[in-house]
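Each remark here refers to the structure printed beneath this line.
The values are calculated or read from the model by the stated rules, or taken from the named source; none is laboratory data. Bear in mind the structure is a predicted one, so any value in this text is a computation, not a measurement. All Cβ positions, glycine included, derive from the backbone under ideal geometry; neighbour counts span all protein chains shown.
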């Protein structure tokens, strides 16, 4: 677990509730280093609206340089209504696309796991949602969001909007290998989602994923059309282990899957594929509650767990941190977004302290060695 190698981690608190949910995680990283559990060098950079306010750009070159010089990047949130009138290229959200591109992060991993303590938060029946633990692997840098030609043109006096769905064999191969590799450490099942009955890009997608699947004989592969996959996610989500799909379908299905758990305040994500991984909660900047000690830091801690696991190879520490979040939930402690009758409602600061305390208790008991 302990290593003499210094691991460089860049923290990007960003906007809104970002600095609030980042602080307890930053404190934990500092304690891991000071207690010689993990040797880390933690740097902090600007991104989003905070970067625009200071530098005039949502993703300044200094932040990119720090990111490329890091083993992993932990990002909290970007955006806010006061930036909505900025030119498109200066809006905070553009920084997300920019940093993913700079890092070569072509694979988005978004787990949807139901903590048993939050089963009542889901809109699905308990017997349908019980045991939910799936992972959506979304291709992040290709497909219709990036294909050309694109734009709005005039043809015979009529305006026409054009977007192009485009995937190459190498793009499909690399995202498929990510999905199959991750599945080997889970329940060894991959569902590839496409629309091969009407889209040539999906025909190629299915052919390539099938071919790559033969390299992983221990992993079961099945294929599903995207419309059926959307239905199956709410009918029988327990059938899924790893879902791999393209950019557009992944964007939609990962949001649907996240809502099965009942709260986006509990969900983390990872964007990987290059040398440096990018990790972030999916909840956004929530400017309406920023600075009020109302945010839920759980997803930020779970994003750190993904970072420890995928970028640093510290699987034991990652599992311990996940168990710490579950321990606190089991004690009936909730932030406002996940509160239920009979629970003890606390603020962001106290929730962070409780998760950190539970982590150290579990670690002292040797949980990371299990």
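Sort through 15, 69 and tell me the only one that's modelled with pLDDT of 95 or more, crowded, with 24+ Cβ neighbours inside 10 Å and either closer than 22 Å to residue 271 by Cα or touching a strand residue (DSSP E or B) at 6+ places or on another chain (Cβ under 9 Å) (or both). Can you show your working first?
Working: 69 fails: crowded, with 24+ Cβ neighbours inside 10 Å.
Within the list 15, 69, the selection yields 15.
Of all residues in the stretch 187-200, those that are at positive phi have Cβ atoms under 7 Å from Cβ atoms of residues that are surrounded by 14 or more Cβ atoms within 10 Å (Cβ to Cβ), 6 or more apart or on another chain, in 188/219; 188/220.
Within the stretch 39-78, the set of residues being assigned to a loop (DSSP other than H, G, I, E, B) and over 23 Å from the mean Cα position of the chain (by Cα) comprises 39, 56, 57. The set of residues in the stretch 18-32 being in contact with a strand residue (DSSP E or B) (Cβ under 8 Å, 6 or more places away or on another chain) and farther than 18 Å from residue 359 by Cβ consists of 18, 19. Any residue that is under 26 Å from residue 122 (Cβ atoms), part of a helix (DSSP H, G or I) and in contact with a strand residue (DSSP E or B) (Cβ under 8 Å, 6 or more places away or on another chain) - is there at least one of those in the stretch 351-359? Yes, the stretch 351-359 contains a residue that is under 26 Å from residue 122 (Cβ atoms), part of a helix (DSSP H, G or I) and in contact with a strand residue (DSSP E or B) (Cβ under 8 Å, 6 or more places away or on another chain). Considering the stretch 83-157, the qualifying strands (runs of 3 or more DSSP E), each wholly inside and each with 2 or more residues that are under 14 Å from the mean Cα position of the chain (by Cα) and either outside the structural domain of residue 243 (by TED's automatic domain parsing) or at pLDDT below 95 (or both), run over 107-113. Screening residue 104 with (1) touching a residue at least 60 places away in the same chain (Cβ under 8 Å); (2) buried (at least 19 other Cβ atoms within 10 Å of the Cβ); (3) under 27 Å from residue 74 (Cβ atoms) gives one miss only, at (2). Criterion first (at pLDDT 95 or above and assigned to a helix (DSSP H, G or I)) does residue 183 satisfy it? Taking the combined requirement at face value, the residue satisfies it.
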